[in-house]
1. I'd like the orientation of helix A:165-182 relative to chain A: the angle between its Cα long axis and the longest Cα principal axis, in ° from 0 to 90, rounded to 10.
2. Just the number, please: percent antiparallel of the DSSP beta bridges in the stretch B:1-90, rounded to the nearest 5.
3. Output the peptides A:276-284, A:333-341 sorted from most to least packed, where packing is the average of other Cβ atoms within 10 Å over each peptide's residues.
4. Which whole number gives the average count of other chain Cβ atoms within 10 Å of the Cβ atoms across peptide A:194-204?
5. Listed highest first by mean packing, meaning other Cβ atoms within 10 Å per residue, what order do B:28-37, B:128-137, B:165-174 come in?
6. Nearest-5 percent of antiparallel DSSP beta bridges in the protein assembly as shown?
7. Report the residue, chosen from A:161, A:75, A:115, that carries the largest GNM mean-square fluctuation when chain A is represented by alpha-carbon nodes joined by springs under 10 Å.
8. Across peptide A:27-33, what mean number of C-beta atoms from other chains lies inside 10 Å of a residue's C-beta?
């Protein structure tokens, strides 16, 4: 599914809708807007443990869920929170948990159990810089964890990445829908900036329809008992369960891919970026176009399933791709897998809670677009935050120029 | 059109509040806006700042290379943000604390305001950042004064205060804003 939505509020709507939107808009903090969107989406139970830069989400839940007579628990730890969530979700309740990076690591085991037992839940990660306890600055260095990692076993989790607070609210409703449709945990990832910032948002919420589940543990009076578990000691049975899971993941990959294309129609180059990095890229693209560089934005909204087919198709007509992330380069691996050497893929990123500025990204773009003219990549704080590859990549991938030290 | 301003000083000067008042005013004027506080270790004591970006289309980058304007309420803020103001940008300086300090830049417009005295005229000498906002609005006109007043009426005073006390706070905020508005306009005319 292609989404026509632009970043932020407004584009793709009629003038009357825009005017109505303007009148109903209020200023909301990202963490609070996500919490309220979950409440309006029908979240029955929330479990959490405080951590910066996600704390306001939990605080909002602490007040609002009690007002509404729903379940709010500040658990004794992240492990406690997510395992309570597992139990609540097994009853068919609409359940959400949120944390920030180090807390998500603690929740990894339960994610595997939920995937294995087919338990729906929405997990929000307001990412901060790692590794370890790291810092509290914004980061996208949990891409690997979200899309490939957390717990053990052959499983996948749909991952949604908003680039604005308004989009985060909309995607939260989608997260509950996907979680229940496919009986899977779903992750929504945003960096600390989106959690801490305030933007105008439309207070028009979406509440996903409720369905009766034939698997939920609701008390077995008058019917056969149901069992929710991830253990199967018979290899034949366990393989069958795994095959069913893989079938489910193929279905998700077929139906749930989302991305945004911006200014790509006449583009000779593209930036691939998600979340906050995509917004920085947007400003850099506007500046680049003023300087005659024809560049557009390809923004994955689902990080898994990754929009690989769409990116592969696009790469056939591009002179090069620049991937921008708040990390050392994680999504860029999926970009390169999708592009399969059809065009050079460069990378620019910052770590530790720092965010690339539009001018930094513009510098990296100039280096990519002027590759043959040997424009040097920009140096940032003494290291080369931009990595450029020779155009004949990947056949001579060792021949890269300006590699990081 | 996209404009950026940073409000910077120390905790308690009302910088985050004032930035939010500007953001709310922008919404009332039908504009797009992005407000981001510094939430790093400095929020645990010391300097406080927030960035507000106002535009007529969805806001792109939340990080700003060069600010169109900076409101600096103490010396560390002047040192930190004066170099990051764009050429021909506006620097609103709190002369009550900064005295005769200057940015040392000849390519920016400096506006020196005795914020404490001006705030006192409005009824509460603590509302220094609201004075600075008034001057900023008078000088740059990104939002209408009426929208700022409406925002201040919504925001000022703790919700749990008795109505009478709350209105006293609102009046002081409106007074500080008016004093800043006048100071900015007079200074612009000279």
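1. Computed tilt is about 50 degrees.
2. 70
3. Ranking the peptides A:276-284, A:333-341 by packing returns A:276-284, A:333-341.
4. 5
5. B:128-137, B:28-37, B:165-174
6. Antiparallel bridges: around 40 percent, rounded to the nearest 5.
7. Top of the fluctuation ranking is A:75.
8. Counting Cβ atoms of other protein chains within 10 Å of each residue's Cβ and averaging gives 2.
Values quoted throughout were computed directly from the atomic coordinates according to the rules given, and no laboratory measurement underlies them. Given the structure is predicted, the values throughout are model-derived calculations rather than measurements. So basically every Cβ, Gly included, is an ideal-geometry build from the backbone, and we count neighbours across all protein chains shown.
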